[in-house]
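Structure, as structure tokens:
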Amino acid sequence: MGNLLVTGGAGFIGSNFVHHVVRNTDHTVTVLDKLTYAGKRASLAGLPAGRVKLVVGDICDAELVDGLFADADAVVHYAAESHNDNSLHDPRPFLDTNIVGTYTLLEAARKHQRRIHHISTDEVYGDLELDDPDRFTESTPYNPSSPYSSTKAGSDLLVRAWVRSFGVQATISNCSNNYGPYQHVEKFIPRQITNVIRGIRPKLYGKGENVRDWIHADDHSSAVLTILERGTIGDTYLIGADGERDNKGVVELILELMGESREAYDHVRDRAGHDMRYAIDSAKIRTELGWAPVYADFESGLAATIDWYRTHEDWWSESKDGVEAFYATKGQ
Ligand code: NAD
Ligand code: TDX
């Protein structure tokens, strides 16, 4: 495939993908990342300079994007404003990056006739009841709840329209909740791990009955590479690893793995419009493309993630105080 342009490659899942590509393929990678509060150069540290180049810039900058598409063989689009709680506080950057940014990339893909893979989320489908026997599939109707998920839904629909109207060579994947190294401390799992390291009690929204379907970021990366290599143009693939857990159970497991009492956490104010449950049926990518996750055991993946945060305090410590100060203003 040659040179991959990876937008948002200095963020959590994008940087995991860049590491995965360097380990498992011969491709070179150009990362386009604005280095917002969520992007860190340090997430790409140690990668060979001859294989990975970082361009600091905005996906809404059409001129910059045009030049990078001209030099790319294929594009993987991770860049986004990604945090639901931030989208409830200030939705505007979500519209700019997730909608206008995706539009800007699609126009460049159309002009240069480049293959593009769009990364999206299971949150576009809304939420499920706890006792619903069904899970999300590729044909579940869109029903997003938050400003974040509605802008991701909008970006998916733009991709579908550019495929149908302009023949753009695109695929889409909607993945469940990721965990692993390099995840910002604003997110649920790293927030609780770094709280325990700092001697702060973990914070559970509401009763903690909400269910998320966890997948290791490296399994997400292998699924994206599989779609890039063998996916059908115009198709959507759901990515998941059968990892449903309620939030209360995850907090208790983190405390136990870190040698603390399973009850040593606080219930805090619930998220507005909090989705109850996400669950992915990933039969299509498994049967049609032969993909399967490697990290089948959530508990050992979580233990490795805890170790990573314990040994990489220099990576996360400068973000921690600001994040906790923000949550304190929200009673969370
Ligand atoms: P993240 O917030 O950790 O990283 C986002 C990256 O995009 C950052 O490096 C940031 O600097 C960059 N960025 C933001 N705005 C930009 C802009 N205008 N121009 C260029 N770069 C910009 O997010 P993440 O959790 O790694 O999510 C990556 C993608 O995966 C997103 O599209 C998200 O919707 C999707 N996704 C995430 C999850 C999850 O569990 N985190 C699950 C499914 C899908
Ligand atoms: O301190 C917390 N306490 C808590 O109980 C935080 C930060 C979160 N929560 C809850 C809210 C959710 O039910 O934990 C769950 C997970 O929260 P987040 O990490 O914020 O993830 P979520 O809102 O589920 O969205 C994530 O998965 C889908 C990513 O942030 C999105 O980018 C992705 O699309």
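How fast does region 81-217 diffuse by Stokes-Einstein, in µm²/s, taking the Kirkwood radius from C-alpha pairs at 37 °C and 0.692 mPa s?
Value of D from the Cα-based Kirkwood radius: 196 µm²/s.
On average, how much accessible surface per residue is there in the chain, in Å², for a 1.4 Å probe, leaving out ligands, DNA and RNA?
41
Quick one: angle between helix 217-230 and the longest Cα principal axis of the chain, in degrees between 0 and 90, rounded to 10, please.
Taking the Cα atoms of the chain, the angle to 217-230 is about 20 degrees.
From largest to smallest, what semi-axes in whole angstrom does region 26-82 give when each is the square root of 5 times an eigenvalue of its alpha carbon gyration tensor?
Taking √(5λ) for each Cα gyration eigenvalue gives 17, 17, 9 Å.
Please report, in Å, the Rg and the Dmax of region 153-205, where both are computed over Cα atoms only.
18.3, 55
Take the Cα atoms of region 222-286, find their three principal axes, and give me the spread along each one in whole Å, biggest first.
In descending order, the Cα extents are 48, 31, 16 Å.
Of 173, 185, 195, whose Cα points farthest to the positive end of the dipole of region 164-212 (charges on the beta-carbon: +1 Lys, Arg; -1 Asp, Glu; origin at the Cα centre)?
195
For region 161-200 and region 306-332, compute the distance between their C-alpha centroids and round to whole Å.
Using only Cα atoms to place each centre, the spacing works out to 17 Å.
What would the Debye formula give as log10 I(q)/I(0) at q = 0.14 Å⁻¹ for the alpha-carbon point model of the chain, no solvent?
Taking Cα atoms of the chain as identical point scatterers yields -1.14.
Compute the orientation-averaged projected area for region 137-239 from the convex hull of its Cα atoms and round it to one decimal in nm².
So the Cα hull casts an average projection of 8.3 nm².
Where the Cα atoms of region 1-153 are projected onto their three principal axes, how long is each span, largest first, in whole Å?
50, 32, 31
Springs between alpha-carbon atoms under 10 Å, Gaussian network over the chain: tell me which of 321, 218, 73 tops the mean-square fluctuations.
Maximum fluctuation in the GNM of the chain, among the listed residues, is at 321.
Using θ = phi - 60° and the Karplus curve 6.51 cos²θ - 1.76 cosθ + 1.60, what whole-Hz ³J(HN,Hα) does each residue of region 30-43 get, with Gly and Pro shown as x?
10, 8, 10, 8, 6, 6, 5, 3, 8, x, 9, 3, 4, 6
Taking all protein chains in place and a 1.4 Å probe, what share, in percent, of the accessible surface of the chain do carbon and sulfur account for?
Accessible surface attributable to carbon and sulfur in the chain totals 48 percent.
Relative contact order of region 232-302: what whole-number percent is it, with Cα pairs under 8 angstrom and at least 6 residues apart?
Value for region 232-302: 46 percent.
Given the rule -39500 (n - 2.57) for each run of at least 4 DSSP H residues, summed and divided by the residues of the chain, what is its mean residue ellipticity at 222 nm, to the nearest 500 deg cm²/dmol?
Here the helix-only value at 222 nm equals -12500 deg cm²/dmol.
Show the residues, 5+ positions off or on another chain, whose built amide H is closer than 5 Å to the amide H of residue 121.
175
If the cut-off is 24 Å between C-alpha atoms, which lysines fall inside it for residue 111, apart from same-chain ones fewer than 8 positions away?
Of all the lysines, those that pass the test against residue 111 - Cα under 24 Å, at least 8 places apart if same chain - are 34, 53, 152.
How high is the relative contact order of the chain? Use alpha-carbon pairs under 8 Å, at least six apart in sequence, and give a whole percent.
Reported relative contact order: 17 percent.
Whole-Hz ³J(HN,Hα) for each residue in region 122-137, computed from phi via Karplus 6.51 cos²θ - 1.76 cosθ + 1.60 with θ = phi - 60°, x for glycine and proline: what do you get?
5, 5, 4, 8, x, 10, 10, 5, 4, 9, 6, x, 7, 10, 5, 10
Using the alpha-carbon atoms, what tilt in degrees (0 to 90, nearest 10) does helix 188-198 show relative to the longest principal axis of the chain?
The two axes meet at around 50 degrees.
Build a GNM of the chain with springs between Cα atoms under 10 Å: which of 98, 210, 24 gets the top mean-square fluctuation?
24
Could you give P(r) for region 50-97, binned at 5 Å from zero, as whole percent values over all Cα-Cα pairs?
4, 15, 23, 22, 14, 12, 7, 2, 0
From the P(r) of region 75-162, can you give the percent of Cα pairs sitting at distances over 16 Å?
Of all Cα-Cα distances in region 75-162, 54 percent exceed 16 Å.
The values are calculated or read from the model by the stated rules, or taken from the named source; none is laboratory data. Quantities reported herein were computed from a predicted structural model and do not represent experimental measurements. Because the Cβ atoms are built from the backbone with ideal geometry, glycine has one as well, and the counts that use them run over all protein chains shown. The protein model used for the area step is the full one, side chains on, heavy atoms only, and it has no ligands, DNA or RNA in it. Shrake-Rupley method; radii C 1.70, N 1.55, O 1.52, S 1.80 Å.
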